[in-house]
Amino acid sequence: MGAGIAIVAARGGYETLCFDMSDEALKRQRGSAEKFFGKSVEKGRMSQDDADATLARMTDTTDLNDLAECDLIIEAIFEDLDVKKELFGKLNGICKDETIFASNTSTLSITEIAGGSGRDDRVVGMHFCLPAQVMKLIEMSRGINTSDETFQTAWAWTEACKQIPVETQDKPGFILNALLVPFNNDVIRAIEAGLCTPEDIDIAIKSGLGYKMGPCTLLDLIGLDTQVRLGEAFYPITLDKRAAVPPLCRRMVAAGKLGNKSGQGLLTGLTSEKASEAPGFTVVSANESRSFPEGMDRGVANGDVTIHLGGGYVEDTSKTAVLVELDTECLGVHTGEDMGREGSNAVGFARYRNGNDAPSNLIELVRQPNTTPEALAAARAVFEVAGFDVVVCADQPGRIVDRLVRPKYNDALRFLDEGLATAEDMDKTCCMGLGYPDGPIERVTRGGLARHYDMSAAIQAATGDIAYHPARRAYVAKQREGAA
Ligand SMILES: NC(=O)c1ccc[n+]([C@@H]2O[C@H](COP(=O)([O-])OP(=O)(O)OC[C@H]3O[C@@H](n4cnc5c(N)ncnc54)[C@H](O)[C@@H]3O)[C@@H](O)[C@H]2O)c1
């Protein structure tokens with residue numbers, strides 16, 4: 001992180017001293033900075049003269065005393081409160097009075113890091129995203145004693161470097177990790193519970209929500225060992241059980257499956273071929289369809305597959321598959337259940353739709369333990385040949401997308417009530433830091449907070465999981481809907 005932050009500072013026109021205890025680390029940093037600026041010249045983003053001048057503004061040192069005259073010091077040493085406090089304590093004795101100390105910590109408290117520094121009014125949180133030289137977002141936070149002047153000066157520095165700052169409270173994970181760490185843990189727990197394959201989670205989240213990267217790809221990229229460390233840092237402070245390390249994550253790390261860095265992680269590389277031929281199907285409409293508000297091609301008379309739009313299941317063993325459109329309910333509501341032995345030619349489905357938004361291109365198929373492979377293959381073929389992205393999951397409340405995303409919306413709405421950040425800054429953080437097409441507040445509001453209430457409350461009723469307890473703003477919207 002430090003290497004990337006140094007590039008940002010030098011590129012912003014500042015004389016930049018790069019300090020590390022290790023000469024080796026400094027050599028690596030210089031090498032990567034040369035490579036980065038070389039590429040920037042190659043791609044026409046900067047001239048050779050600019051690149052040379054920027055590199056010339058970067059000076060390496062292993063002597064802390066050289067930092068005495070710095071105006072701003074951004075620490076990015078490893079994540080340990082005592083070590084960070086010790087460093088700031090030492091620097092306080094070396095630096096001029098006006099020097100501002102900033103911490104790039106992801107999980108620690110700025111107020112605690114500042115405590116004992118001897119200048120806690122001049123300590124600020126500046127959380128960059130990896131890789132810092134590419135990602136524009138910086139989460140800025142004040143410790144309890146941070147002065148306005150310190151905060152404004154650090155903020156102005158980020159803007160002078162053409163970065164994009166957002167303001168957040170000094171709370172574990174600020175905005176980005178507070179939303180991301182529990183979400184990623186939920187993904188691992190869903191895999192552990194046999195909801196679906198990691199590949200299908202990625203397809204569902206990308207197709208249903210438009211995220212650029214699936215969560216399993218992201219977890220394999222950041223490393224499951226990192227996810228363990230994040231959970232271990234967050235859970236004791238937040239006591240949010242979603243932040244606690246999922247047992248599967250620990251087992252994967254113990255087995256040496258850390259993600260990309262070890263060659264194997266959550267993703268197995270197994271994907272099924274898309275069907276090229278579909279069986280004949282017949283559409284039977286019971287009620288209004290959420291998935292196909294414009295209707296659906298009615299198919300042929302007496303096809304091998306019957307599709308019930310808007311619920312209304314009728315058992316028919318003469319068909320290869322009987323498809324039932326689901327809303328918030330489980331398939332078992334239509335077919336009945338038998339202690340894990342259930343399963344027939346009935347397949348649930350829903351085309352993912354965020355509240356009142358237009359339906360997405362994602363079809364979630366729902367299977368029971370003994371659903372016949374022929375029924376699933378026929379259901380998959382019907383939708384794949386029609387051009388949809390198809391995933392398969394167990395008959396669990398919320399299926400894949402709502403199960404994973406609704407707790408995140410509740411968190412974001414709760415964070416708004418708790419003053420963590422503004423709605424705009426929360427959304428900006430998710431778009432810029434995580435590549436989402438829109439932020440959680442914008443998305444849940446656009447889809448309708450009352451609909452979020454219905455979906456979230458239905459999952460909570462079925463699971464008892466507090467993460468689905470609808471946030472206050474959704475509750476208010478639901479009450480207003482009732483009053484209208
Ligand atoms: N990796 C990320 O995605 C990410 C993102 C945002 C913030 N952060 C935060 O940035 C910080 C660093 O993370 P990282 O992943 O770059 O760690 P890292 O272990 O890759 O790098 C830490 C560097 O600090 C040096 N160092 C250790 N002790 C030092 C000391 N006392 N004085 C000076 N240098 C010292 C080490 O030699 C090493 O070069 C952490 O606080 C982390 O939470 C990390």
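No lab work stands behind these numbers, since they all come straight from the coordinates. Model, not experiment: these values are computed from the prediction. In this analysis, Cβ positions are derived from the backbone assuming ideal geometry, glycine residues included, and neighbour counts consider all displayed protein chains.
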### Summary
At the level of C-alpha centres, the distance separating the range 265-287 and the range 114-184, in angstrom, is 45
### Message
Out of all DSSP beta bridges in the range 281-385, what portion is antiparallel? Express it as a percent rounded to 5.
### Response
30
### Task
Multiply the residue gap between Ala461 and Glu24 by 0.36 nm, knock off their C-alpha separation, and tell me the result in nm, one decimal place.
151.7 nm
### Query
Kirkwood Rh, Cα Rg: Rg to Rh for the range 2-167?
0.96
### Query
Farthest toward the dipole's positive end in the range 369-482, which of Pro470, Ala377, Pro407, given Cβ charges of +1 (Lys, Arg) and -1 (Asp, Glu) about the Cα centre?
Pro470
### Query
Among the lysines, which have Cα under 28 Å from the Cα of Lys319 when same-chain residues fewer than 8 positions away are ignored?
Lys274
### Query
So, with +1 on the Cβ of K and R and -1 on the Cβ of D and E, and no other charges, what is the size of the charge dipole of the range 176-262 about its Cα centre, to the nearest 20 debye?
140
### Query
R0 = 35 Å: FRET efficiency of Val41 with Asn361, Cβ-based, nearest 0.05?
0.30
### Query
What pairs in Lys206/Lys408; Lys408/Lys428; Lys43/Lys162; Lys84/Lys171; Lys35/Lys136; Lys27/Lys136 have C-alpha atoms more than 23 Å from each other?
Lys27/Lys136
### GluC sites (Glu not before Pro) within the range 378-484: DSSP coil, no more than 16 neighbouring Cβ in 10 Å
Glu418
#### Entry: Contour minus Cα-Cα distance for Ile94 and Ser276 (0.36 nm per residue)
58.5 nm
### Message
Rounded to the nearest 5, what % of DSSP beta bridges with both residues in the chain are antiparallel?
### Response
25
### Task
State the percent of C-alpha pairs, over all pairs in the chain, separated by a distance greater than 37 angstrom.
37
### Task
Give me the distance between the Cα centres of the range 193-233 and the range 310-389, rounded to whole Å.
24
#### Entry: Cα-projected label distance for Lys212 with Ala484, points at 7 Å along beta-carbon direction, nm
3.5
### Task
Using a Förster distance of 35 angstrom, determine the FRET efficiency expected from the C-beta separation of Asp417 and Thr153, and round it to 0.05.
0.70
